Amino acid sequence: MKERAGHGRAEHAADRQRPPEVSHGSWGHAVVIGAGFTGLLTARVLAGRFDRVTVLERDELPSGPAHRSGLPQARHPHGLLARGALIVEDLFPGVRAELAAQGAPVFDFGAGFATRLPYGWAPRRSVGIEVQSFDLTDLEAVLRARVRALPGVRVRDGFVVEGLHLSADRRRTVGVTGHHRADPGHEPVRIEADLVVDAAGRRSRLPGWLAAAGLPAPRRLEVPSPLVYSSRMYELTDGQAPDWLVAFEMTLPPSVDRGGAAITVDGTRRLISLVAPAEELPPPRDDEALQRFAATLRSPHFAEVMARGRPVSPVYRCVVGGNHWLRYDRLRGCPDRLLVVGDAFCAFNPVYGQGLTVAALQARLLARLLATADGPSGLAHRFQRRAARIALVPWLTATAADGGWSSEPTGRPARMIRGFLDVVLRRLPDEPELYARFARVQNMVVSPAVLLRPLLARPGRRGRRAARTRLSGPSRDR
Ligand SMILES: Cc1cc2nc3c(=O)[nH]c(=O)nc-3n(C[C@H](O)[C@H](O)[C@H](O)COP(=O)(O)OP(=O)(O)OC[C@H]3O[C@@H](n4cnc5c(N)ncnc54)[C@H](O)[C@@H]3O)c2cc1C
């Protein structure tokens with residue numbers, strides 16, 4: 001089937017437009033709050049324009065890969081979608097190879113994933129999309145080292161930002177205030193800046209800082225999800241590698257509420273996450289109950305690794321709560337020279353694996369705006385409006401799906417998206433061509449619109465028969 005995915009190729013080409021090269025800038029000093037994935041990418045992009053970039057991070061940062069309290073999600077499997085990986089590689093050439101040298105495998109999304117969809121197994125064949133699986137702490141350590149090496153960039157760890165410093169008329173951000181954690185008196189420190197970027201993640205305190213300055217706070221949209229995550233690292237030492245690099249079992253609100261993900265982080269280690277509503281997931285210390293839970297999944301891979309592998313970490317439980325979007329893009333009276341990026345702006349239910357890629361797309365957007373702007377004034381408004389456009393499709397797909405958890409009636413557009421998704425999912429196990437398109441959509445390489453054409457075409461006889469036999473619903477074979 002010929003794909004009208006000139007679309008996808010055009011987006012790839014656009015991703016390859018490099019941000020301004022790192023050169024001595026002329027826009028003064030930029031401050032980034034948070035040295036997570038988003039903060040690091042943002043610092044890389046700003047380094048092309050500003051004389052100095054300071055990344056302020058509350059945690060004491062390790063010199064290599066290690067867990068830290070400000071990054072609790074790193075205990076759980078993370079997948080960087082193909083689109084996000086492309087942008088990361090453009091910003092930091094050679095990162096994929098560096099991670100691969102540490103053992104993180106690169107593989108085809110179709111061939112390397114063993115994906116249990118709600119209505120059957122995804123076809124196991126190449127879809128032409130390369131992805132890499134890794135531990136988030138490894139990715140962060142590599143990015144952090146690269147950012148630290150950039151001229152004009154300083155990563156100041158152990159510094160807690162506590163508020164904004166505004167111009168007298170409160171129309172412009174002129175810096176931040178905070179304190180060093182090592183300072184016993186927590187003496188307030190003021191840092192002047194020509195641009196401030198909030199990359200403080202889900203726990204950003206910016207709405208409170210704006211309110212404290214007598215300014216309006218953004219409207220918060222929220223779509224909850226009941227799912228929680230229990231994750232643990234296992235080592236497989238029996239020398240028999242499974243025939244998958246990532247095992248994934250998809251949830252589908254409201255009928256399939258149990259799932260999981262298991263990723264290969266290096267030659268021997270697999271990071272497993274079991275996903276279910278809080279009341280169904282056994283407590284972290286109850287090994288036997290977790291094993292029994294894994295055995296209820298339709299994919300055998302989770303129980304297999306748990307039975308064969310040796311646990312090399314405790315079980316970490318994470319309650320995310322779902323999706324939220326702080327509408328800074330619609331906020332009137334927001335001071336200029338203040339940008340909000342990554343999870344601090346819009347955060348998604350992790351089961352959809354979109355957060356890192358949306359943050360990468362925002363970094364690429366910022367690079368483009370910096371390339372054409374005369375200075376930092378007016379940038380914030382333009383950035384936030386266009387960042388909202390980036391967030392929109394991921395937001396609509398995640399929240400439409402999660403609307404299915406709610407007992408309240410959801411809007412018609414959300415019901416239509418759920419209906420469309422259900423039709424696609426029923427056909428995927430028997431239609432490798434459609435699955436290849438779906439994989440491209442999942443990886444944000446092309447727009448979901450590419451699924452419309454094959455769906456409007458009548459399925460072949462085999463597909464119709466298969467879809468009929470699946471009408472009884474996704475939980476049939478549990
Ligand atoms: C269980 C789970 C699984 C996930 N799986 C995936 C996945 O598979 N794929 C995917 O794309 N995304 C996934 N995500 C989402 C992904 O983790 C986030 O989108 C991403 O990490 C957000 O990065 P960030 O830099 O915006 O925020 P964060 O990673 O939260 O970083 C914020 C940083 O700011 C620092 N900070 C906060 N406040 C202050 C302050 N006042 N002063 C100084 N520093 C401060 C914090 O210490 C932290 O280092 C998952 C999330 C969870 C919870």
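The values are calculated or read from the model by the stated rules, or taken from the named source; none is laboratory data. Quantities reported herein were computed from a predicted structural model and do not represent experimental measurements. No Cβ is skipped: glycine too gets one built from the backbone with ideal geometry, and neighbour counts run over all protein chains shown. Surface areas here come from the heavy atoms of the whole protein model, side chains and all, with no ligands, DNA or RNA. Shrake-Rupley method; radii C 1.70, N 1.55, O 1.52, S 1.80 Å.
Only residues that are among the basic types (Lys, Arg) and either at positive phi or under 26 Å from the mean Cα position of the chain (by Cα) (or both) were counted in segment 427-445, giving 2. For segment 284-291, the criterion of being more than 16 Å from the ligand (Cβ to nearest atom) and among the hydrophobic types (A, V, I, L, M, F, W, C) is met by at least one residue. Among the residues of segment 45-72, the one identified as within 14 Å of the ligand (Cβ to nearest atom), closer than 20 Å to Ser377 by Cα and surrounded by fewer than 22 Cβ atoms within 10 Å (Cβ to Cβ) is Thr54. Scanning segment 29-44 for residues that are more than 6 Å from the ligand (Cβ to nearest atom), part of a strand (DSSP E or B) and hydrophobic (A, V, I, L, M, F, W, C) returns Ala30, Val31, Val32. Please count how many residues of segment 416-430 are open to solvent by 30 Å² or more (accessible area, probe 1.4 Å) and in contact with a helix residue (DSSP H, G or I) (Cβ under 6 Å, 6 or more places away or on another chain). Total meeting the criteria: 4. Here are some conditions: (1) in contact with a Pro (Cβ under 6 Å, 6 or more places away or on another chain); (2) within 12 Å of the ligand (Cβ to nearest atom). Ala367 meets all but one. Which one does it not meet? Only one criterion in (1) in contact with a Pro (Cβ under 6 Å, 6 or more places away or on another chain); (2) within 12 Å of the ligand (Cβ to nearest atom) is unmet by Ala367, namely (2). Screening Tyr229 on (1) surrounded by fewer than 21 Cβ atoms within 10 Å (Cβ to Cβ); (2) farther than 30 Å from Arg332 by Cβ; (3) touching a residue at least 60 places away in the same chain (Cβ under 8 Å) shows it passes everything except condition (1).
Taking every residue in segment 140-158 that is within 13 Å of His29 (Cα to Cα) and pairing it with any residue that is in a strand (DSSP E or B) and open to solvent by less than 20 Å² (accessible area, probe 1.4 Å), at least 6 positions away or on another chain, the pairs with Cβ-Cβ distances below 9 Å are Gly152/Val53; Val153/Val53; Val153/Thr54; Val153/Val55; Arg154/Val53; Arg154/Thr54; Arg154/Val55. Taking first residues from segment 232-249 that are open to solvent by 20 Å² or more (accessible area, probe 1.4 Å) and partners that are of a type in the set (Ser, Thr, Tyr) and assigned to a strand (DSSP E or B), the Cβ contacts under 8 Å between residues at least 6 apart in sequence or on separate chains come to Arg232/Tyr316; Leu245/Ser133; Leu245/Thr264; Phe248/Thr115.
Return the residues of segment 332-360 that are open to solvent by 10 Å² or more (accessible area, probe 1.4 Å) and not aromatic (Phe, Trp, Tyr); say none if nothing qualifies. If the condition is that a residue be open to solvent by 10 Å² or more (accessible area, probe 1.4 Å) and not aromatic (Phe, Trp, Tyr), then Arg332, Gly333, Cys334, Asp336, Arg337, Asp343, Pro350, Val351, Gly353, Gln354, Gly355, Leu356 are the ones that fit.
Assess whether Gln132 counts as being closer than 19 Å to Pro242 by Cβ, within 16 Å of the ligand (Cβ to nearest atom) and modelled with pLDDT of 95 or more. Yes.
Surrounded by fewer than 20 Cβ atoms within 10 Å (Cβ to Cβ), in a strand (DSSP E or B) and over 20 Å from the mean Cα position of the chain (by Cα): is that true of Arg154 in this structure? Spell out the reasoning first.
Numbers: surrounded by fewer than 20 Cβ atoms within 10 Å (Cβ to Cβ): yes; in a strand (DSSP E or B): yes; over 20 Å from the mean Cα position of the chain (by Cα): yes.
It is true that Arg154 is surrounded by fewer than 20 Cβ atoms within 10 Å (Cβ to Cβ), in a strand (DSSP E or B) and over 20 Å from the mean Cα position of the chain (by Cα).
When Phe159 is tested against (1) within 11 Å of the ligand (Cβ to nearest atom); (2) not assigned by TED's automatic domain parsing to the domain that holds Ala182, only condition (2) is not met.
Restricting the search to segment 69-111, which residues are of a type in the set (S, T, N, Q) and free of Cβ contacts under 8 Å to residues at least 12 places away in the same chain? Lay out the reasoning, then the answer.
Step one: of segment 69-111, the residues of a type in the set (S, T, N, Q) are 69, 73, 102.
Ser69, the sole residue that qualifies.
Among the residues of segment 322-363, those identified as farther than 15 Å from Gly201 by Cβ and in contact with a Lys or Arg (Cβ under 6 Å, 6 or more places away or on another chain) are Arg327, Asp329, Pro335, Asp336, Arg337, Thr357. Taking Ala114 as the residue in question, decide whether it is among the aliphatic types (A, V, I, L, M), touching a Gly at 6+ places or on another chain (Cβ under 7 Å), open to solvent by less than 30 Å² (accessible area, probe 1.4 Å) and more than 12 Å from the ligand (Cβ to nearest atom). When the stated conditions are applied, Ala114 does not pass them. Among the residues of segment 203-226, just one is under 24 Å from Leu379 (Cβ atoms), within 13 Å of the ligand (Cβ to nearest atom) and open to solvent by 50 Å² or more (accessible area, probe 1.4 Å), namely Arg205.
Please tell me if Leu80 is farther than 20 Å from Asp243 by Cβ, touching a strand residue (DSSP E or B) at 6+ places or on another chain (Cβ under 8 Å) and within 15 Å of the ligand (Cβ to nearest atom). Yes, satisfied.
Being assigned to a loop (DSSP other than H, G, I, E, B) and closer than 30 Å to Gly259 by Cα is true for just one of Arg298, Arg292, Arg317. Which residue is that? Step through it out loud before you land on a result.
Working: Arg292 fails: assigned to a loop (DSSP other than H, G, I, E, B); Arg317 fails: assigned to a loop (DSSP other than H, G, I, E, B).
It is Arg298.
If you check every pair at least six apart or on different chains, which have Cβ atoms under 7 Å apart with a residue in segment 354-366 that is within 11 Å of Leu86 (Cα to Cα) and of a type in the set (S, T, N, Q) first and a residue that is in a helix (DSSP H, G or I) and more than 6 Å from the ligand (Cβ to nearest atom) second? That search, which allows pairs on different chains as well, returns Thr357/Arg83; Thr357/Gly84. Out of (1) touching a strand residue (DSSP E or B) at 6+ places or on another chain (Cβ under 7 Å); (2) surrounded by fewer than 22 Cβ atoms within 10 Å (Cβ to Cβ); (3) among the polar types (S, T, N, Q), what's the single condition that is false for Thr399? Result: Thr399 fails condition (2) only.
Restricting attention to segment 379-434, the residues being within 20 Å of Asp343 (Cα to Cα) and of a type in the set (Val, Ile, Thr) number 4.
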